[in-house]
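Asks: Could you have a look at this structure, given as structure tokens, before my questions?
The values are calculated or read from the model by the stated rules, or taken from the named source; none is laboratory data. Note that the coordinates shown come from a computational prediction; the quantities given were computed from them, not determined experimentally. Methodologically, a virtual Cβ is constructed for each residue, glycine included, from the backbone with ideal geometry; neighbour enumeration extends over all protein chains shown. Calculation scope for accessible area: heavy atoms of the full protein, side chains included, ligands and nucleic acids excluded. Shrake-Rupley method; radii C 1.70, N 1.55, O 1.52, S 1.80 Å.
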Amino acid sequence: MQHGPAVRRRKLGAELRALRAGAGLTSGEAARLVGWHQSKVSRIETGASGVKPADVRLLLDAYRVGDANLRELLLVLAGSDEGGGRHHWWHAYRGVLPPTYRDFISLESQASAMRTLETSVVPGLLQTPEYARAVTRAAVDGLDDERLDALVEVRLARQDILRAQPPLELSAVLDEAVLRREVGGPEVMARQRERLLEAARLPQVRLQVLPFTAGAHVGITGPFVIFSFSRTSDLDVVVLDHLTSSLYLERKEDLQAYTEAFNTLRIHALSPEDSLDYLAGMGDGA
């Protein structure tokens, strides 16, 4: 179990080690190619020390890695501010975002797919501005209006990844409690349900409601997110969000356990079609 920066170092190191092996180089040979001592390569590959984006670029050049998307992903994991499109916009909010939130957004912006179980609130990627404001105000004590506005802006800016090319593929299971909890009042919830209906009709979004009638289920221990990356499954990670921090699970056993749990939740949840009908029915007073 790791915090964000540590898990990124470990995953970056493991991927660089695999790329070196794929290039047919020993760590000593790689070090000589870039003019380093062999121990530096070893420390980077084990995640024992951080690595600058410039050093990652040297290694990728030495290993003849030409895949532009993979290069950008690894450079972002190293903390690079380079890249275009949907990447790095959050740096403008560095002063108001805690490091764990920045790490989460960094992973989210680079992921190709996201699976999430939510038991208390609507996923951030699907929130309306009014709902986001009510949730943020309740979750963070003592916010002044300026910081509240900034955090809501961040929440809404994150949603651009659903409209990017290619878009993030989002699969969300929402416990019925998410829809029954009246956040911000009836009007806010009515608009939020409309937003969920709109999102659920997008081809890249799969939304399912887990009704109370499903009884006890594997998700009652709390919400979680699974990020997947199209270029390499070795970077897949589970994120568990807590009040003051986030924990990252990277072991294959953890990934398998949470993947199986999510698949089980999808089986017990309403189908996407029935979930749409359920949401629409709530607007009729169901």
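Asks: Mean residue ellipticity at 222 nm from the helices of the chain, using -39,500 (n - 2.57) per DSSP H segment of n ≥ 4 over the full residue count, to the nearest 500 deg cm²/dmol?
Replies: -15000 deg cm²/dmol
Asks: What is the sum of charges around Leu270, taking Lys and Arg as +1, Asp and Glu as -1, for the other residues whose C-beta is under 11 Å from the C-beta of Leu270?
Replies: Charge balance in the 11 Å sphere: -3.
Asks: Right, something else. Report the FRET efficiency, 1/(1 + (r/R0)^6), for Thr213 and Arg147, where r is their Cβ-Cβ distance and R0 is 51 Å, rounded to 0.05.
Replies: It comes out at approximately 0.80.
Asks: Report the longest stretch of the chain that contains none of the GluC sites (Glu not before Pro) sitting in a DSSP loop with at most 16 other Cβ atoms within 10 Å.
Replies: 183-286
Asks: On to the next question. How much length is gained if the chain between Ala157 and Ala113 is pulled fully straight, taking 0.36 nm per residue apart and subtracting their Cα-Cα distance, in nm to one decimal?
Replies: Full extension of this stretch gives 14.1 nm more.
Asks: Gain in length, Thr26 to Val140, computed as 0.36 nm per residue apart minus the alpha-carbon separation, to one decimal in nm?
Replies: That works out to 36.1 nm of additional length.
Asks: Accessible area of the chain with a 1.4 Å probe: how many percent of it is carbon plus sulfur?
Replies: The nonpolar share, carbon plus sulfur, comes to 51 percent.
Asks: Can you compute the modelled spin-label distance between Val34 and Lys252, with each label point 7 Å from Cα toward Cβ, in nm?
Replies: Spacing of the two 7 Å Cα→Cβ label points: 2.5 nm.
Asks: Check each of the trypsin sites (Lys or Arg not before Pro) in segment 148-179 and keep only those in coil by DSSP with at most 12 other C-beta atoms within 10 angstrom; list them in order.
Replies: Within segment 148-179, the qualifying trypsin sites (Lys or Arg not before Pro) (loop, at most 12 other Cβ atoms within 10 Å) are Arg163.
Asks: In segment 180-265, which trypsin sites (Lys or Arg not before Pro) fall in coil by DSSP and have 16 or fewer other Cβ atoms within 10 Å?
Replies: Here the sparse-neighbourhood loop sites are Arg181, Arg201, Arg231, Arg251.
Asks: What is segment 155-286's relative contact order, in percent, from Cα pairs under 8 angstrom and six or more apart in sequence?
Replies: Across segment 155-286, relative contact order equals 26 percent.
Asks: Could you grab the relative contact order for the chain? Cα pairs under 8 Å, six or more apart, rounded to a whole percent.
Replies: Result for the chain is 20 percent.
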